[in-house]
1. Using a Gaussian network model on the chain with a 10 Å cutoff between Cα atoms, which of Asp45, Asp202, Asp240 fluctuates the most?
2. Suppose the chain between Leu367 and Ala142 were pulled fully straight at 0.36 nm per residue; how much longer would it get relative to their current alpha carbon spacing?
3. When Lys and Arg each count +1 and Asp and Glu each count -1, what net charge do the other residues less than 11 Å away from Val47, Cβ to Cβ, add up to?
4. Per the helix-only calculation at 222 nm, which mean residue ellipticity applies to the chain, given -39500 (n - 2.57) for every DSSP H run of n ≥ 4 and division by its residues, nearest 500 deg cm²/dmol?
5. Looking at the P(r) of the chain, how many percent of alpha-carbon pairs lie beyond 26 Å?
6. Restricting to Cα pairs below 8 Å that are 6+ residues apart, what does the relative contact order work out to for the chain? Please round to a whole percent.
7. Near Arg79, within a Cβ-to-Cβ distance under 15 Å, what is the net charge of the other residues, with Lys and Arg +1 and Asp and Glu -1?
8. Order these by the 10 Å Cβ neighbour count, fewest first: Phe125, Phe173.
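Bear in mind these aren't lab numbers, they're just calculated from the coordinates by the rules spelled out. Source: prediction; values computed, not measured. Virtual Cβ from ideal backbone geometry, glycine too; neighbours counted across all protein chains shown.
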Amino acid sequence: MKPTDWDPHGPDVRADQRTAYDDMRARCPVAYDASGGWTLFRHEDVVRVLHDHETFSNVVSRHPSVPNGMDPPVHGPFRRLVDTYFTDALVAAFEPTCRDLAARLVDAAVQQRDVDVMTAIALPFAASAQCAYLGWPPDLAAPLVEWTRRNHAATLAGDRDAHATIARELEAFVAGVIDRRRAERRRPPVDLTDRLIRETVDGRRLTLVEMTSLLRNWTMGEVGTIAASVGIVAVAIATDQGLQHQLRWHLQLLPASIDELLRLHGPLLGNRRVTTRPVVIGDREIDAGSRVTINWVAANRDPETFTQAGAFRLDRDPADNLLYGAGIHVCPGAALARLELRVLVEELLAATCLIETIDDRPFRLALPPASGYAEVPLHLVHA
Ligand code: HEM
């Protein structure tokens with residue numbers, strides 16, 4: 001049996017993922033673990049994988065995953081369809097609704113003064129923004145938050161059966177939404193979900209399995225990652241009063257600042273590939289058919305790519321930041337994610353005159369496969 005290099009769930013990783021991954025990138029940038037998979041920690045290696053989809057396939061599972069689990073030529077038509085749901089015009093039109101959702105959650109949180117930002121703002125915001133963008137009723141947000149929580153708990157416990165059950169539950173949930181829409185047959189389409197049920201790809205209607213998978217991909221992309229991003233940005237502005245002051249007075253710095261804060265602390269841990277042929281990365285030989293995980297958190301903190309990698313700087317080349325990936329699978333929801341995060345932080349700053357930590361209540365970091373924080377207690381002082 002091949003000796004292993006690390007334990008992706010070891011005590012050092014559970015204590016502080018960023019430090020553990022920084023250490024791995026320096027010590028063993030292409031690492032093999034007991035599950036038989038490889039993890040890549042270096043920016044250069046990750047970029048190579050992202051641009052070589054012939055060697056590093058996205059078809060990592062037997063279950064269909066539209067479009068993330070697809071390779072060319074199948075991926076292209078689905079991806080072009082997905083892109084039409086995130087045009088600049090659609091995203092810009094969502095801003096007033098998004099701002100209203102953010103303002104209501106922030107106002108309620110500010111009334112409480114001391115809150116856990118994850119439960120009071122981040123998770124409900126991510127789920128209700130997802131519902132609103134797709135035209136789903138707002139009461140579907142709470143079940144989505146609950147699903148995200150249980151899915152994470154099952155992954156953490158390594159409980160494959162529970163995980164499979166929870167995945168089926170989300171599929172059934174999404175299939176139920178689609179069924180209701182099909183029964184309503186609203187003409188002309190009122191929202192994006194009405195539009196989706198009429199979509200065709202390669203001249204044929206999308207199947208229920210494809211639609212369900214697509215919406216599942218969006219849900220997983222949106223709820224967990226947006227919520228983690230809100231927590232990470234909230235911690236950064238609460239623990240650096242200089243940065244908080246600067247952002248309060250220079251809101252135009254928010255977009256670049258949010259991208260840079262999320263480079264420093266990635267909200268998404270990894271994505272998987274499988275090798276289609278034997279390959280050498282660094283000095284390691286990887287067999288065909290091996291699972292390879294891209295570690296976004298480590299790649300985006302690589303000192304070989306980023307000068308003073310651990311420092312917050314707004315003068316970096318945005319093209320180096322892998323927050324939203326690169327290549328053919330680059331995040332189609334990036335513009336929407338950026339809008340949601342900017343609007344939420346604008347509302348948070350507008351509703352408060354001070355955001356600070358609470359002395360006896362430390363932050364609790366999330367555990368892999370999640371990133372960011374599990375609990376972010378903050379003191380929000382009304383403006
Ligand atoms: C801060 C929030 C987000 C981050 C950091 C993020 C990051 C990423 C990254 C790194 C990838 C590339 C995955 C790979 O190479 O395998 C990706 C793909 C994807 N993201 Fe996002 N994402 C975010 C929000 C969203 C949102 C809001 C949506 C949709 C509502 C979304 C939908 C998707 C989809 C469908 C893909 C797969 C694209 C493909 O395979 O062609 N993401 N995302």
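1. Asp202
2. Here the segment from Leu367 to Ala142 would lengthen by 78.8 nm.
3. Values: positive: Arg42, Arg48; negative: Glu44, Asp45, Asp52, Asp302, Asp320.
With Lys, Arg at +1 and Asp, Glu at -1, the neighbours total -3.
4. -15000 deg cm²/dmol
5. Working: 39053 of 73153 pairs.
That tail contains 53 percent of the Cα-Cα pairs.
6. Relative contact order comes out at 28 percent.
7. On the way: positive: Arg80; negative: Asp71, Asp83, Glu199, Asp202, Glu210.
Once positives and negatives cancel, what remains is -4.
8. Working: Phe125 27, Phe173 17.
The most exposed by this proxy come first: Phe173, Phe125.
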